Amino acid sequence: MREPTFWALTVLASGPHHGYGLIQAAARLSDGRVRLQPGTLYATLDRLGAEGLVQLDREEIVDGRARRYYRLTEDGAAALDAEQARLRASADAARAQLAARKGLGTAPA
């Protein structure tokens, strides 16, 4: 799963968000490491909608412009759950390898 997809699904797991709110929440949740760009985000949301992982929740008019709110579907929640399990397993493998490396001791080069 690509990073914009992961973060869009992660933010939407807490409830419906509109695009700009989703961008802000991803930055906050990632401690500023992730900065979703609007073009990337909306392309991601369109693709996730076509795949049935998110859907339009509602639309509001704010300052004369449409603001679309998206929500996670059950399939989207399942995809996010599978990805977090995959990431956890990968992190566990890296942690084990680093622990083994420390246990071996490393000679200076």
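A short reminder: the numbers here are calculations on the coordinates, not readings from a lab. What you are looking at is a predicted structure, and each value in this text was computed from that prediction instead of being measured. Please note: Cβ atoms are built from the backbone with ideal geometry, for glycine as well, and neighbour counts cover all protein chains shown.
Taking Cα atoms, how many degrees apart are the long axis of helix 3-12 and the longest axis of the chain, rounded to 10 and kept between 0 and 90? With rounding to tens, the tilt is 60 degrees.
Applying a DSSP loop filter and a limit of 15 other Cβ atoms within 10 Å to the GluC sites (Glu not before Pro) in the range 32-109 leaves Glu51. The angle separating the long axis of helix 38-50 from the principal Cα axis of greatest extent in the chain is about 80 degrees. Tell me the angle of helix 74-104 to the major Cα principal axis of the chain, expressed in degrees between 0 and 90 and rounded to the nearest ten. Rounded to the nearest ten degrees, it is 20. Taking 0.36 nm per residue of separation and subtracting the Cα-Cα distance, full extension of the segment from Ala82 to Ser14 would add 22.8 nm. Note on the chain: GNM, Cα springs under 10 Å; of Ala50, Ala82, Ala91, the largest mean-square fluctuation is that of Ala91.
Taking springs between alpha-carbon atoms closer than 10 angstrom, which of Leu22, Leu56, Leu80 fluctuates most in the Gaussian network model of the chain? The residue with the greatest mean-square fluctuation here is Leu56.
Distance between the modelled labels on Arg47 and Ala100, one decimal in nanometres: 3.3 nm (7 Å Cα→Cβ projection). Given the -39500 (n - 2.57) contribution per DSSP H run of 4+ residues, what per-residue ellipticity at 222 nm results for the chain, rounded to the nearest 500 deg cm²/dmol? Mean residue ellipticity, 222 nm, calculated: -20000 deg cm²/dmol.
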